[in-house]
Structure formats: C-alpha cells, structure tokens
Amino acid sequence: MSTTTTSIADNRTTTWPAAATPSINIPSPSSVFATLLRSDLRTQWRNRRASVMVVLLPLIILVSWKGLVDKLGGAFVLSNCITIGLTAIGLMGYSNSIARDRDKGIFQRLRVAPVPSWAVMASRITVQLIMIMILTTLVFIFGAQIDHIYLTATGYIFGFAMSIVGGAVYLGLGQVVVGRIMNPETVNATSRLIYIAFIMIGMFGELGMLGKEIGEMVKYSPYGTVKRIVSAGLTPGTWNTDTSISLAITLGYTILFTWLGIKWFRWSSR
Amino acid sequence: MDNTTITANGTLPINTTATGSSANGQATGTPALLVEGLNVFYGAFQAVSNVAFDVQPGEIFGMLGPNGAGKTSTLSAIEGLLNPSSGTIRVAGFSTREEPRFARACMGVQLQATSFQPELTVSEILQLFSGIYGVDLSREQVMGVLSEINLREFADRRFGQLSGGQQQRISLVIATIHNPRLVLLDEPTTGLDPQSRRQLWHRIEAMRDKGHGILLTTHSMEEAESVCDRIAIIDHGKILTIDTPQAIIDNNRDRPEVIAASRKGKITLEDVFIGLTGTAIRS
C-alpha cells in the first residue's frame, strides 16, 4: 500500500509507503507526574549516600549538644538541628541535583516530550519535601532517644508543619542559586558557602556570640525566622506575636526566592 | 493506563492505542513535519532566516550545514526548546505553537547528548519514557524491546555504565517508543565506530520503512548520501538547496566553486557542500 503525497518544498510528487496513523497519546498530567516522581525517588535512593550526608550534621549536633539541652531547652536544640538540616536539603541537595541534571541535558530530554514543565519541577520538589519529612522525623527520634527531648502530640504535628514551611524558604533559595548560576561546580561551591555562612553566622549570632547587631540581623534572616517558627511550632504554647511576624517574613522570603528563582531559571546550561 | 498493543517479539506495532486524551486528526498525506517561514533571532543576530521545508511520512530528510549554520536552532524550534520569532511549524498537522503537547506527542527526539539519569537502569529509563508517552509496557515487553536492539542482558545495568554505542541504541529506541509520526535525530552517529554506524543506519531505514518521517542532522556526507532520501544544505540560517543527494550533485556539478572544491575529479556531495558553503572553517 502506498500513498501519493506532494512535497511543498520543491513542489514535486513522490510516492511514499503508507503513512501510519497512530492514535496520539497524551497521558494525564497526574499520570506523568507519578511516572516522574517514581523515577526521581529511584534516583534519590541510588544517591542515598549524599542524602545521608545531608542529615548527618543535624544528627551529630543533636548528639553532641546533649549536655546543653537543660541549658538551652529541648525546643531550641531540636529547632536548631532541623533548621540546619533544612538549609542542607535546600542548598546542597536540591540546587546541586538540579544543576547537575540541567548540565547533562536531562531536563531538555523531558521537555521535548509531552511533559508539562511544572510536572518536572513539582516531582523534584516533592522528593525534597519527602527528604524534609525524613529529616524532621529522624531529629524527633534521635532527640527522644538520645537527648530525652519529648514533645506533646501537638508539638510534633505543629513542628512538622513548620519544618515544611521553613524548608520551602531554602528550596526557594536553592532555586535562586541554580537560577543565577549555570555551571554545576560553581553552584556546588556557592551553595556550600551559603550553607556554612548560614550555620556559622546563624547559630553563633543567635547565641549572642557575634554581638547585638549581628544577633538582630540573624533574627530576621531566613535562618532566624525559620528557626523561630520551628521552635515555636515544637512548643505551641510559646507562640507569640514575634513568631507570627517570623512566619510572615518566612512566607515573604519563600515567595521572593521562588519568584526570583523561577524568573532566572534556564532549563539548559548551554 | 490501558495496555498498548505489543507484538509477541516485543516490537511496537505502528498502530498503538494508549491512555490519556487522544486525537486522530491526521489525514493520510499530512506531512510528518511542515516548516514555513521560520525565523529565529538571538537578540539582533538572526540564526534562522525564512526556512521552509517538509518531511513526508516514510522519508529520511537530512539537514547538512557547517557549524553555526542554523541546524540546531531549526531543530530546537521544531522540538519546542526555543520560541521562533516567526513562522509556522506543524508536526503531523499540529502546530507547535498552538498545540505544543499534541505536537510533542507526535515526535520522537534523539538529542545530541544522551541525556538520561545515569543512576537509572536501562529498563527503568524505558519504563520512565513509556509512562511519559502514555505507552504501558510490562517488564516482559521491555525485555522484548531490548532484545530487538540486542541489549536484553543489559536491562538491569545502569545507563551510565553503557558504552556510547549502546547508549545511542537506547536513545533511539526511546525516541520511537511511542511510535511517533516524526523522529528527530541530531547527529545520531557522532562518535560511533563504523560497525555501530552501519547498524544505526539500518535501524533508521527500518523506521522509514514503517512509515515514520525522519529528520536528521549530520556532518557526514557519506551518511547523507547513503541514508537520506532528500537533503537540505543550510548556511548562515538560510536553506541553499533542497533535493535528493544525486539531484543536488547533478544540479551543481558545473558550478566553478564546486569544480574548484573537487579533489579527485569526480564530483561528490562533499564537493558540492564545500562549493556552496565555502572553505572557511567555522567556529
């Protein structure tokens, strides 16, 4: 069977084999998202050593600060560890994986398929949200087992929710880094620098070791606001106006970073 | 997902049905690809200028040009990776601008870089892309597809552990896993040894025989002459000529610049290419 068709480019008539007329299949966005998520979770699992490194530092701090729990309070210690973990997930885990896959052309390969762009990113962010949940759960378990920090059920639930809200700030910040910087090695170096700066200035600044001015700056920095809402979430009875302001600032940071990150982001590094 | 019909040996038949929204709007004779008046600008620089061509079902169409001639920009515009400044692109009748998801569902793409997660195994990558294209493949069907390309024993091997030729074969099978009307191959044989290259040519010809329209870019004149039914030579963003390889040679053999480019007395496609695009080395 053959079909006669006219090629418009040179106006000639050619005989070609019969053209197949297959159905055009566009899976539903939810089906595509589920497929991508399954694949991204597999990739995350195969890279589990990197994931372990991300949660290792908060757990080390949790163990080594055992003697400070009585002095600083259980909520302070837990919120510090969770905030450090959230910073690592957003800055080191998320931005580095996006930069690497962009450089390898993995996103471009997906974008030439009938995949909505939002599904590609939503799948990546979902993986990081799962990482945040794992981190928070591990901190709660280690806190109870090693430091004997026990919270109320409301504290665990509210603290969990604040971890996710706080994690969004760092995912947004990671998006800004990967939006501004194309080279994956530079992304890696920059995210490490910001991570260390956040930990050193945030932790010591909040403890008042860097002076009053730095302490005030830290209070309204992404580190300070996230730490405060997580801490108040763990002990809901301590939630006050200051915490509500911190929550509002946290949401503001999230919106700002996400907007800038999306605005600057390019799917290809070439 | 519904089951996609797959033959006993695991190959994908030409008429498959799967899930999701579907349309059967293509009339026989609709070009696999139609490009009209395509212009692409990068700032003030015009990379593609008024390019027009078509690829018919069951045709291998080659695009030749020196580095920076506009091949990749043209291909990227067809793939939807960049927005052209003006012009029309239709894949199996679907406008890439107005119905991008339908247009993308009708095309299979092999990019220059084999761009899959290196941590995933070969079978996992096949399942990922079959899911994305709405083709439901069981493990047995995946193994059948891999048998077709002699990679069955590599099903559980991570993609990053495969050789370049093996990665190319996987990439090609993924480009056609949803049985697309149009297959875009960006320099598919670059870096392959002669055996792998010949094997790939056979696979491309087999795809043509099944009715796929194929657009490939290449720097290899041998490849263009051996495989392509028609070729376009593009330079400085403009198409200089479109025809069968032999017709292009015949129509240009008497041009002084082509004769000057000839090295062995006999005019080849490469001589015509050099004659039309010049001898200067491009960046």
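The values are calculated or read from the model by the stated rules, or taken from the named source; none is laboratory data. Predicted model only: the values in this text are computed from it and were never measured. Here Cβ is always computed from backbone atoms with ideal geometry, including for glycine, and neighbour counts include all displayed protein chains.
Note on the stretch B:208-266: among residues that are assigned to a strand (DSSP E or B), within 11 Å of chain A (Cβ to nearest Cβ) and of a type in the set (A, V, I, L, M, F, W, C), the one that is surrounded by the fewest Cβ atoms within 10 Å (Cβ to Cβ) is B:Ile242. Scanning the stretch B:106-137 for residues that are within 27 Å of B:Gly211 (Cβ to Cβ) and touching a strand residue (DSSP E or B) at 6+ places or on another chain (Cβ under 6 Å) turns up B:Cys106, B:Met107, B:Gly108, B:Val109, B:Gln110, B:Leu111, B:Gln112, B:Gly134.
Within 11 Å of chain A (Cβ to nearest Cβ), surrounded by fewer than 21 Cβ atoms within 10 Å (Cβ to Cβ) and not in a strand (DSSP E or B) - does that describe any residue in the stretch B:166-175? Lay out the reasoning, then the answer.
Our first condition is that a residue be within 11 Å of chain A (Cβ to nearest Cβ); within the stretch B:166-175, this holds for B:171, B:174-175.
Now narrow it down to the ones that are surrounded by fewer than 21 Cβ atoms within 10 Å (Cβ to Cβ): none.
Scanning the stretch B:166-175, I find no residue that is within 11 Å of chain A (Cβ to nearest Cβ), surrounded by fewer than 21 Cβ atoms within 10 Å (Cβ to Cβ) and not in a strand (DSSP E or B), so the answer is no.
Return a yes/no flag: does the stretch B:150-163 have any residue that is modelled with pLDDT under 95, of a type in the set (Asp, Glu) and in a helix (DSSP H, G or I). Checking the stretch B:150-163: at least one residue is modelled with pLDDT under 95, of a type in the set (Asp, Glu) and in a helix (DSSP H, G or I).
Among what's in the stretch A:14-30 and is more than 7 Å from chain B (Cβ to nearest Cβ) and at pLDDT 75 or above, pick the residue that is surrounded by the fewest Cβ atoms within 10 Å (Cβ to Cβ). Write out each step before concluding.
The first filter runs over the stretch A:14-30 and keeps only residues more than 7 Å from chain B (Cβ to nearest Cβ), leaving A:15, A:29-30.
So of that shortlist, the ones also at pLDDT 75 or above come out as A:29-30.
Working: A:Pro29: 16, A:Ser30: 9.
It comes out as A:Ser30.
The sole residue among A:Ile98, A:Ile84 that is out of contact with any Ser or Thr (no Cβ under 8 Å at 6 or more places or on another chain), over 29 Å from A:Asp147 (Cβ atoms) and crowded, with 20+ Cβ neighbours inside 10 Å is A:Ile98.
Which of the following residues is assigned to a helix (DSSP H, G or I), within 22 Å of A:Ser39 (Cα to Cα) and touching a residue at least 24 places away in the same chain (Cβ under 8 Å): B:Gln141, B:Gln127?
Details: B:Gln127 fails: touching a residue at least 24 places away in the same chain (Cβ under 8 Å).
Sole residue among the options that is assigned to a helix (DSSP H, G or I), within 22 Å of A:Ser39 (Cα to Cα) and touching a residue at least 24 places away in the same chain (Cβ under 8 Å): B:Gln141.
Here is a yes/no grid of residues against (1) touching a helix residue (DSSP H, G or I) at 6+ places or on another chain (Cβ under 6 Å); (2) within 9 Å of chain A (Cβ to nearest Cβ); (3) touching a residue at least 12 places away in the same chain (Cβ under 8 Å); (4) surrounded by fewer than 21 Cβ atoms within 10 Å (Cβ to Cβ):
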{"residue": "B:Phe45", "(1), (2), (3), (4)": "no, no, no, yes"}
{"residue": "B:Phe53", "(1), (2), (3), (4)": "no, yes, yes, no"}
{"residue": "B:Glu59", "(1), (2), (3), (4)": "no, yes, yes, no"}
{"residue": "B:Gly62", "(1), (2), (3), (4)": "yes, no, yes, no"}
{"residue": "B:Gly68", "(1), (2), (3), (4)": "no, no, yes, yes"}
{"residue": "B:Leu75", "(1), (2), (3), (4)": "no, no, yes, no"}
{"residue": "B:Glu79", "(1), (2), (3), (4)": "no, yes, yes, no"}
{"residue": "B:Ser85", "(1), (2), (3), (4)": "no, no, yes, yes"}
{"residue": "B:Thr88", "(1), (2), (3), (4)": "no, no, yes, yes"}
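Checked against the criteria, A:Leu135 counts as surrounded by 20 or more Cβ atoms within 10 Å (Cβ to Cβ) and either part of a helix (DSSP H, G or I) or touching a residue at least 60 places away in the same chain (Cβ under 8 Å) (or both). Filtering B:Leu192, B:Leu185 for residues that are in contact (Cβ under 8 Å) with a residue 24 or more places away in the chain, more than 30 Å from B:Asn50 (Cα to Cα) and among the hydrophobic types (A, V, I, L, M, F, W, C) leaves a single hit, B:Leu192. Screening A:Ala34 on (1) touching a residue at least 12 places away in the same chain (Cβ under 8 Å); (2) of a type in the set (Gly, Ala, Ser); (3) more than 27 Å from A:Tyr150 (Cβ to Cβ) shows it passes everything except condition (1).
Output the helices (runs of 4 or more DSSP H) that fall wholly within the stretch A:162-270 and possess 1 or more residues being in contact (Cβ under 8 Å) with a residue 40 or more places away in the chain, or say none. It would help to see each step written out before you state the result.
Working: elements: A:184-206, A:212-219, A:222-234, A:241-264.
Of the helices (runs of 4 or more DSSP H) lying wholly inside the stretch A:162-270, those with at least 1 residues that are in contact (Cβ under 8 Å) with a residue 40 or more places away in the chain span A:184-206, A:222-234, A:241-264.
Please report, ordered by residue number, the helices (runs of 4 or more DSSP H) entirely within the stretch A:52-119 with at least 3 residues that are within 14 Å of chain B (Cβ to nearest Cβ). Full working, then the answer.
Working: elements: A:69-72, A:74-87, A:95-103, A:106-111.
Correct list: A:95-103, A:106-111.
If you take the residues of the stretch B:104-126 that are over 23 Å from A:Ser269 (Cβ atoms) and either facing chain A (nearest Cβ under 8 Å) or out of contact with any Leu (no Cβ under 9 Å at 6 or more places or on another chain) (or both), which of them is surrounded by the fewest Cβ atoms within 10 Å (Cβ to Cβ)? Explain how you work it out, then say what you get.
Taking the stretch B:104-126 as the starting set, the residues that turn out to be over 23 Å from A:Ser269 (Cβ atoms) are B:105-108, B:121-124, B:126.
Now narrow it down to the ones that are either facing chain A (nearest Cβ under 8 Å) or out of contact with any Leu (no Cβ under 9 Å at 6 or more places or on another chain) (or both): B:105-107, B:121, B:124.
Numbers: B:Ala105: 30, B:Cys106: 29, B:Met107: 28, B:Thr121: 18, B:Glu124: 22.
Applying the filter and picking the extreme gives B:Thr121.
Among the residues of the stretch A:138-149, the ones that are more than 23 Å from A:Arg48 (Cβ to Cβ) and in contact (Cβ under 8 Å) with a residue 40 or more places away in the chain come to 3 in all. Summed over the stretch A:221-253, residues that are under 14 Å from A:Gly172 (Cβ atoms), of a type in the set (Val, Ile, Thr) and buried (at least 21 other Cβ atoms within 10 Å of the Cβ) total 3.
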